[in-house]
Amino acid sequence: MIDLHSHILPNMDDGSKSVEMSYKMLELLAQQGVDTVVATPHFYPTKDTPEAFLSRRQAAFEKLQPLPEHFPKVLLGAEVAYFEGIGDCEQLRELQIGQTGLILVEMPFRDWSGRMIRELERLALGLGLTPVLAHVDRYLGSNQLPKYQHQLLDRGIALQYNADAFLKMGHRRYLLNLVKQGHNCYLGSDAHNLTTRAPRMEEACRYITQKMGTDARDLFDEY
Ligand SMILES: [Fe+2]
C-alpha cells in the first residue's frame, strides 16, 4: 500500500521534529502495511525557491539513511501550495513525486475558480505532470470540491484523500461515493507527528473495505 502524502522528513516543515520522530512514524506506517511512503514537505513558492527546498529536502532525507529494511520505501515529493502561474512553471518538474509525473498540489481553502482549474489543466497539457489535489476531504465544508468536482475529474486531475477523513463522522459517505465512481484517487496519511496527526492508514483501509465490500487497496491508485 502506498501513502501518497506525509510529513515524515525531519525538521522540514510542521511535520516530524526529529530523526527519532521520523523513525517512529515510519515504524508505524510499516506496521500499518504501507510499503511505500511519499515524503511531501510543504513547498510555499512565496517563501522558498525550488533550489533551496530541494537541497533542504535532500539533507533531511539523508539524515534518515540507512533505513531499516522493514521500513517503507521513501519516495521524495512535495506538497506544492497553489500559486498563480503554476501551470507554466517548468521547475515544478523537480517537485514531482519521484519520477511518476504526479505532482501534489494544495489548493486554497476557498474561492476556487474556473481559471484555477484551467491552470491545473495546463500542468498536464504543458508540463506533462498530473496534478493530484491534496486532502480533498478538507474542501467539503467550504463546498469547493462539490462545486468543481466535475471540472476536475473531466480534466484528469486526480484526488488524494486523507485516511483519517474516513474515520470521522460528517463527510465520509460523500467520500466513499466519490471513491466508488472510480476516478483517479490516492490515499495518504498526511501524517505530521505521532499524536494529533499520526498515520491511520490501516484503520481507514479497514473501514473503507468494510463499507465498499472491496479491498480498499484495490480502490486507490498506485501511481
Ligand atoms: Fe500535508
**Prompt:** Which residues, taken from the range 145-191, are more than 26 Å from ASP13 (Cβ to Cβ) and in contact with a Lys or Arg (Cβ under 7 Å, 6 or more places away or on another chain)?
**Reply:** LEU176
**Message:** Just to verify a result, which residue in the range 200-223, among those that are within 18 Å of the chain's Cα centre (by Cα) and in a loop (DSSP other than H, G, I, E, B), is surrounded by the fewest Cβ atoms within 10 Å (Cβ to Cβ)?
**Reply:** GLU222
**Request:** Please identify the pairs in which a residue from the range 18-39 that is surrounded by 15 or more Cβ atoms within 10 Å (Cβ to Cβ) has its Cβ atom under 6 Å from the Cβ atom of a residue that is part of a helix (DSSP H, G or I), counting only partners at least 6 apart or on another chain.
**Result:** GLN32/MET201; GLN32/GLU202; VAL34/MET201; VAL37/LEU29
**Prompt:** Could we say that THR130 is touching a residue at least 60 places away in the same chain (Cβ under 8 Å) and among the polar types (S, T, N, Q) here?
**Reply:** no
**Looking only at the range 41-53, and only at residues there that are touching a Leu at 6+ places or on another chain (Cβ under 8 Å) and not in a strand (DSSP E or B), the one that is farthest from the ligand (Cβ to nearest atom)** = PRO50
**Top-ranked residue in the range 13-26 [being away from the ligand (no atom under 11 Å from the Cβ) and assigned to a loop (DSSP other than H, G, I, E, B); ranked as farthest from HIS192 (Cα to Cα)]** = SER18
**Complete:** Of LEU140, LEU219, LEU167, LEU123, the only residue that is of a type in the set (A, V, I, L, M, F, W, C) and touching a Gly at 6+ places or on another chain (Cβ under 6 Å) is LEU123
**Prompt:** Tell me, which residue of the range 173-217 that is under 16 Å from GLN32 (Cα atoms) and among the β-branched types (Val, Ile, Thr) is farthest from the ligand (Cβ to nearest atom)?
**Reply:** THR209
**Test result for LEU29, within 16 Å of the ligand (Cβ to nearest atom), not charged (D, E, K, R) and not in a strand (DSSP E or B)** = yes
**Item:** Pairs with Cβ under 9 Å, 6+ apart, first in the range 90-119 and closer than 20 Å to THR49 by Cα and of a type in the set (Lys, Arg), second within 16 Å of the ligand (Cβ to nearest atom) and modelled with pLDDT of 95 or more
**Value:** ARG93/ILE103
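The values are calculated or read from the model by the stated rules, or taken from the named source; none is laboratory data. Everything numeric here is computed off the predicted structure, so don't read it as measured data. Methodologically, a virtual Cβ is constructed for each residue, glycine included, from the backbone with ideal geometry; neighbour enumeration extends over all protein chains shown.
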